[in-house]
Every structure is written in structure tokens, then in C-alpha cells.
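Each value in this text was obtained by applying a stated rule to the coordinates, not by laboratory testing. The shown structure was predicted, so the numbers you read here are calculated from the model rather than taken from an experiment. All Cβ positions, glycine included, derive from the backbone under ideal geometry; neighbour counts span all protein chains shown.
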Amino acid sequence: YNIPNFITLLRILSIPFLIFSITKEFWLPALIILIFAAFSDWLDGELARRLKQATRTGAILDHTADALLVVSCLAALSFYSTVLPLLPLLVAVTFVHYLLLGRSGKALPASRLGKFNGVAYYLLVLATLVAEVFMEFPKSLLMSFNLLLIATTGLLFIRNIRTGRVSGG
């Protein structure tokens with residue numbers, strides 16, 4: 001174990017509190033927990049590089065934490081009509097594909113669009129929570145963002161199946 005992996009584990013442990021906050025419509029605590037999770041995502045990677053503690057296990061653990069957090073949040077928010085239910089399903093399927101490729105021993109390079117999607121999933125959850133806490137956000141804008149992410153996630157998954165690459169998101 002190392003410090004970056006410990007921080008990643010803290011992110012995983014924050015997920016039930018985040019989902020509880022969303023399902024109970026405690027929007028401000030949910031927003032605070034999400035900000036902590038996003039910061040910890042940056043911090044664990046930064047520390048792994050600076051302390052030279054980057055490992056394959058840490059990379060898979062980090063990606064697992066991101067996927068669990070994003071899929072859980074998107075699924076919870078889909079009950080409020082701010083996230084289309086197809087999106088968390090596609091993200092989950094793409095992540096399982098990532099894990100299967102990793103277990104097969106294949107290299108796990110990430111694409112730029114996959115990295116964009118990874119950030120965009122967080123941004124969609126963040127925008128939804130900010131809208132709930134501070135203002136009404138045009139649902140049409142959130143729905144457009146949903147559709148864009150469904151399209152890009154679907155395209156990445158299809159391309160990844162054909163090429164054996166992973167999405168990175």
C-alpha cells in the first residue's frame with residue numbers, strides 16, 4: 001500500500017455517502033463530497049507521479065474508483081430526469097470492457113476522446129449538483145450534454161471493441 005492508493009480508497013469509501021446525499025436530495029453535501037472526490041482523483045495521480053509510487057494496481061484501482069463514482073452518481077441522478085438511464089449503463093459496460101482487457105494482459109492505452117469523456121462525466125454530475133444547489137439549470141442543456149456523452153461513449157466502445165483499445169474514461 002502507498003499514499004496515492006490510500007487516497008483512492010478514500011474516494012471509493014465516499015461513494016455511499018455521495019449516493020445517499022443524492023437520493024435524499026441533500027444537494028449541498030452531495031456537491032461537497034463530489035468536489036472532495038474530484039480533488040482526490042487529481043491528488044492521488046499527482047502524488048503517485050511525484051513520489052514515484054505509480055503502479056499498475058494503483059492505475060486500475062484509480063480507474064475503478066472513477067468508474068464506481070461516475071456510474072453510481074449518473075445512475076442516482078437518472079431518477080431525477082437529469083441523466084438519461086442509458087448513460088450510466090454505457091459507462092459501466094465500457095468500464096467492464098476495460099477490466100477485461102486489463103486482465104488479458106493487453107496494454108491499456110487511453111484515447112483523447114476517452115479522457116475527454118472521463119472529465120465530461122464528472123462535469124455532468126457537477127453541473128447537475130450545482131444546478132440543484134444554486135440555480136435552475138436549463139434541462140435542455142443537461143439533456144444535450146447527456147446525448148453528446150451517450151454518443152461519444154458508444155462510439156468509443158464500438159471502436160475499442162474493434163481495435164482492442166480502452167476508452168480511458
>> Out of everything in the stretch 39-53 that is in contact with a Lys or Arg (Cβ under 9 Å, 6 or more places away or on another chain) and within 17 Å of Leu123 (Cβ to Cβ), what residue ends up being surrounded by the most Cβ atoms within 10 Å (Cβ to Cβ)?
In response: Ser40
> Among the residues of the stretch 11-28, which ones are in contact (Cβ under 8 Å) with a residue 12 or more places away in the chain and either in a helix (DSSP H, G or I) or at negative phi (or both)?
Replying inline: Arg11, Ile12, Ser14, Ile15, Phe17, Leu18, Ile19, Ser21, Ile22, Thr23, Trp27, Leu28
>> Going through Thr57, Thr8, Thr94, Thr82 one at a time, which residue ends up being surrounded by fewer than 18 Cβ atoms within 10 Å (Cβ to Cβ) and in contact (Cβ under 8 Å) with a residue 24 or more places away in the chain?
In response: Thr57
>> Quick check on this structure: which one of Ser14, Ser21 is touching a Pro at 6+ places or on another chain (Cβ under 6 Å), buried (at least 16 other Cβ atoms within 10 Å of the Cβ) and not hydrophobic (A, V, I, L, M, F, W, C)?
In response: Ser21
> Among the numbered criteria (1) under 15 Å from the mean Cα position of the chain (by Cα); (2) not in a helix (DSSP H, G or I), which single criterion is violated by Trp42?
Replying inline: (2)
